[in-house]
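The values are calculated or read from the model by the stated rules, or taken from the named source; none is laboratory data. What you see is a predicted model, and the numbers here were worked out from it, not measured in a lab. Cβ sites come from the backbone with ideal geometry, for glycine too, and all protein chains shown count toward neighbours. Please note that ligands, DNA and RNA were not included when accessible areas were found on the heavy atoms of the full protein model with its side chains. Shrake-Rupley method; radii C 1.70, N 1.55, O 1.52, S 1.80 Å.
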Amino acid sequence: MKALEGVRILDFTHVQSGPTCTQLLAWFGADCIKVERPGVGDATRGQLRDIPDVDSLYFTMLNHNKRSITLNTKNETGKSVLERLVKTCDVLVENFAPGALDRMGFGWERIQELNPRMIMASVKGFGPGPYEDCKVYENVAQCTGGAASTTGFLDGPPTVTGAQVGDSGTGLHLALGIVTALYHREKTGRGQRVLAAMQDGVLNLCRVKLRDQQRLERGPLTEYSQYGLGVPFSDATPRAGNDSGGGQPGWILKCKGWETDPNAYVYFITQAAVWQRICDIIGKPEWKEDPGYAKPEARLDKLNHIFETIEGWTRTKTKFEVMDICNPMDIPCGPILSMKELAEEPSLRETGTVVEVDHPARGKYLTVGCPIKLSESPAEVTRSPLLGEHTTEILSEVLGYSAAEVDDIRASGALGKP
């Protein structure tokens with residue numbers, strides 16, 4: 001039995017943040033009914049296509065394990081079908097622009113009238129405040145949530161990250177909120193609203209930088225590289241390059257082959273507990289007893305020189321050779337793995353972290369599987385639905401319409417052009 005088997009999701013999400021949330025719930029066994037505009041569907045079906053007239057990877061990789069129904073919610077019959085769906089489902093998830101559901105006639109008050117047990121979950125760009133009506137995309141969320149101002153190098157502009165901490169990160173937060181609300185409903189019998197704002201989600205993931213903002217008020221951040229360079233701190237948490245962000249200094253170092261391979265690098269952490277082992281492998285045994293290097297606090301103003309010295313050693317090894325030497329010594333480090341290397345890594349296939357899926361139109365493709373593993377109810381990844389693929393099935397099996405009623409609904413234009 002799947003962990004969320006028996007939970008039915010009314011999925012009004014599109015693009016990335018909302019679909020990330022509902023896909024996660026579907027992986028755990030929820031019946032996720034994706035409501036899409038007839039003839040158009042989720043905008044990402046047609047975005048960044050690599051095969052003409054075939055659902056894009058952008059769409060397929062965010063909508064596994066779901067069923068698709070097309071519905072014109074501006075049509076009176078379509079609204080009637082939607083009311084029936086609201087009464088039948090447990091959770092409504094949406095990431096429309098602010099006020100869109102109200103304009104459709106399905107605001108929170110109406111949802112509660114139709115189904116007091118319904119949980120209504122929303123992704124928004126901002127919570128209540130001066131920007132709550134603003135439209136937000138991934139990089140906007142990274143910038144307004146504090147990620148960009150603290151990412152990049154000190155002498156360069158703010159930088160966004162390739163990790164989708166705004167969209168997918170907020171979707172993960174929303175999924176937790178939904179499961180929590182479902183648990184609460186078991187005790188109270190009533191649904192509630194769940195809000196995950198993208199700015200809030202990004203800031204939550206940047207909490208260590210808010211930590212440093214408060215520490216900065218009491219003096220310089222000695223573990224930051226700029227301290228060792230003698231560069232003064234301003235009044236805000238700075239960009240820190242590849243600094244580790246914690247009490248154990250770390251940096252990305254070149255490895256053998258870096259001249260031609262853009263990913264021939266390793267992240268290396270000079271953890272205090274293994275400092276003497278590090279000194280041995282890099283050929284600096286004298287640093288173990290040298291008062292200028294022996295203690296962590298003594299090394300803070302020399303970190304750049306220390307990492308340059310370590311890099312002199314790593315440049316003689318491949319990133320995997322560095323791992324082979326350091327791991328048995330408990331020296332924390334990790335290779336910079338490209339997307340190509342990750343796609344080809346056998347262990348990720350074996351654990352279901354990377355999954356090959358067969359699609360009727362595009363054929364086989366790779367996708368990311370469920371990142372959370374449950375021992376008693378493992379997630380199985382099934383392909384994303386074609387547009388409106390399950391419309392008749394949902395109308396008859398879920399909502400109980402007869403074949404004649406389905407024909408009438410279709411003739412009304414509620415499902416698209418009759």
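Angle check, please: helix 76-88 long axis (alpha carbons) against the longest principal axis of the chain (alpha carbons), in degrees 0 to 90, nearest 10.
60
Using the heavy atoms of the protein chains and a 1.4 angstrom probe, tell me the accessible area per residue for the range 83-189 in square angstrom.
On the way: 5170 Å² over 107 residues.
Dividing the accessible area of the range 83-189 by its residue count gives 48 Å².
By DSSP, what percent of the beta bridges with both residues in the chain are antiparallel, rounded to the nearest 5?
40
Two decimals is fine: what is log10 I(q)/I(0) at q = 0.22, 0.25 Å⁻¹ for the range 70-112, from a Debye sum with one equal scatterer on every Cα and no solvent?
Computed log10 I(q)/I(0) values: -0.79, -1.02.
Could you give the dipole magnitude of the range 1-88 about its Cα centre, charging the beta-carbon of Lys and Arg +1 and that of Asp and Glu -1, in debye to the nearest 20?
Details: 12 positive and 10 negative charges, 50 e Å.
That gives a dipole near 240 debye.
Quote the FRET efficiency, to the nearest 0.05, computed for ARG277 versus THR382 with a Förster distance R0 of 41 Å and r equal to the Cβ-Cβ distance.
Numbers: r = 47 Å, r/R0 = 1.15.
So the FRET efficiency works out to roughly 0.30.
Run the simple label-point estimate for PHE233 and GLU356 please: 7 Å along Cα→C-beta, distance reported in nm.
According to this spin-label approximation, the distance is 5.1 nm.
Rolling a 1.4 angstrom probe over the protein heavy atoms, how many square angstrom per residue are accessible across the range 318-363? Present the calculation step by step, with values, prior to reporting the outcome.
Details: 2730 Å² over 46 residues.
That works out to 59 Å² for each residue.
Once the piece of chain linking ARG207 and MET329 is laid out straight, how much longer is it, given 0.36 nm per residue of separation minus the C-alpha distance between them? List each step's numbers first, then the result.
Working: separation 122, 0.36 × 122 = 43.92 nm, distance 3.10 nm.
Full extension from ARG207 to MET329 adds 40.8 nm.
Stretch GLU297-THR73 to full length: gain in nm at 0.36 nm per residue minus the Cα-Cα span?
On the way: separation 224, 0.36 × 224 = 80.64 nm, distance 6.40 nm.
Gain on stretching GLU297 to THR73: 74.2 nm.
Rounded to whole Å and sorted largest first, what semi-axes of the equivalent ellipsoid does the C-alpha gyration tensor of the range 320-418 yield via the square root of 5 times each eigenvalue? Intermediate results must be reported in sequence, preceding the final value.
Details: eigenvalues 454, 48, 19 Å².
Over the Cα atoms of the range 320-418, the semi-axes work out to 48, 15, 10 Å.
Put +1 on the Cβ of every Lys and Arg and -1 on every Asp and Glu Cβ in the chain; which of GLY125, VAL208, ILE336 then has its Cα farthest towards the positive end of the dipole?
About the Cα centre, the residue reaching furthest to the positive side is GLY125.
Quick check: residue separation of TYR137 and ALA163 times 0.36 nm, minus the Cα distance between them. What number comes out in nm? Walk me through the numbers before you get to the answer.
Numbers: separation 26, 0.36 × 26 = 9.36 nm, distance 1.35 nm.
Full-extension gain reported as 8.0 nm.
From the backbone phi of the range 169-185, what are the Karplus-calculated ³J(HN,Hα) couplings (6.51 cos²θ - 1.76 cosθ + 1.60, θ = phi - 60°) in whole Hz, Gly and Pro given as x?
For the range 169-185, the Karplus-derived couplings read x, 6, x, 5, 4, 5, 4, 5, x, 5, 4, 5, 5, 5, 5, 5, 5 Hz, x marking Gly and Pro.
Just to check, using Stokes-Einstein with a Kirkwood Rh over alpha carbon pairs, what's the diffusion coefficient of the range 156-278 at 37 °C and 0.692 mPa s in µm²/s? Numbers along the way, then the final one.
On the way: Rh = 18.2 Å.
D, rounded to a whole number, is 181 µm²/s.
For the range 272-379, what does the equivalent ellipsoid look like in terms of its semi-axes, each the square root of 5 times an eigenvalue of the Cα gyration tensor, given largest first in whole Å?
On the way: eigenvalues 349, 50, 27 Å².
With the √(5λ) rule applied to the range 272-379, the semi-axes are 42, 16, 12 Å.
Tell me, what % of the accessible area of the range 9-150 is carbon and sulfur with a 1.4 angstrom probe? Could you put the intermediate results ahead of the total?
Values: 2840 of 5480 Å².
Carbon plus sulfur share of accessible area: 52 percent.
When you count, for each residue, the other Cβ atoms within 10 Å and take the mean per peptide, how do 193-201, 310-318, 149-157 rank with the highest first? The partial results should precede the final answer.
Details: 193-201: 22.1, 310-318: 17.9, 149-157: 14.1.
Result, highest mean Cβ count within 10 Å first: 193-201, 310-318, 149-157.
Which peptide among 220-227, 372-379 comes first, and what is the full order, when sorted by highest mean count of other Cβ atoms within 10 Å?
Values: 220-227: 18.8, 372-379: 12.2.
Going from most to least packed, we get 220-227, 372-379.
Using r as the Cβ-Cβ distance of GLU344 and LYS254, and R0 as 25 Å, what FRET efficiency do you calculate, to the nearest 0.05? Mind showing how you got there, number by number?
Details: r = 23 Å, r/R0 = 0.92.
Step by step, r from the Cβ atoms, then E = 0.65.
What translational diffusion coefficient, to the nearest whole µm²/s, does the range 39-87 have by Stokes-Einstein, given a Kirkwood radius computed over alpha-carbon pairs, a temperature of 25 °C and 0.890 mPa s viscosity? Walk me through the intermediate numbers first.
Numbers: Rh = 12.5 Å.
The calculation lands on 196 µm²/s.
Can you give me the long-range amide H partners of LEU92? Hydrogens built in the peptide plane at 1.01 Å from N, cutoff under 5 Å, separation of 5 or more residues or another chain.
Amide H neighbours of LEU92, under 5 Å, 5+ apart: LEU10, ILE119, MET120, ALA121.
Students often check this: by mean Cβ neighbours within 10 Å, which of 119-131, 7-19, 346-358 ranks highest, and how do the rest follow? Write down the numbers at each step before the final one.
Details: 119-131: 19.2, 7-19: 25.1, 346-358: 13.7.
Result, highest mean Cβ count within 10 Å first: 7-19, 119-131, 346-358.
If I take R0 = 22 Å and measure r between the Cβ atoms of LYS417 and ARG84 in this structure, what FRET efficiency does the formula 1/(1 + (r/R0)^6) give, to the nearest 0.05?
Details: r = 22 Å, r/R0 = 1.00.
About 0.50, to the nearest 0.05.
If you roll a 1.4 Å probe over the range 242-305 with all protein chains in place, what percent of the accessible area is carbon or sulfur?
Numbers: 1650 of 3270 Å².
C and S fraction of accessible area: 50 percent.
Any chance you could check the Cα centroid distance between the range 349-391 and the range 52-98 for me, in angstrom?
Centre-to-centre distance over Cα atoms comes out at 19 Å.
Separation between the ARG215 and LEU176 pseudo-spin-labels, each 7 Å from Cα along Cα→Cβ, expressed in nm?
Each label point lies 7 Å from its Cα, and together they span 2.2 nm.
For HIS14, list long-range residues whose amide hydrogen, built 1.01 Å from N in the peptide plane, is under 5 Å from its own amide hydrogen.
ASN95
Using amide H atoms built 1.01 Å from N in the peptide plane, name the residues 5+ places from CYS32, or on other chains, whose amide H lies under 5 Å from its own.
ILE9, ARG67
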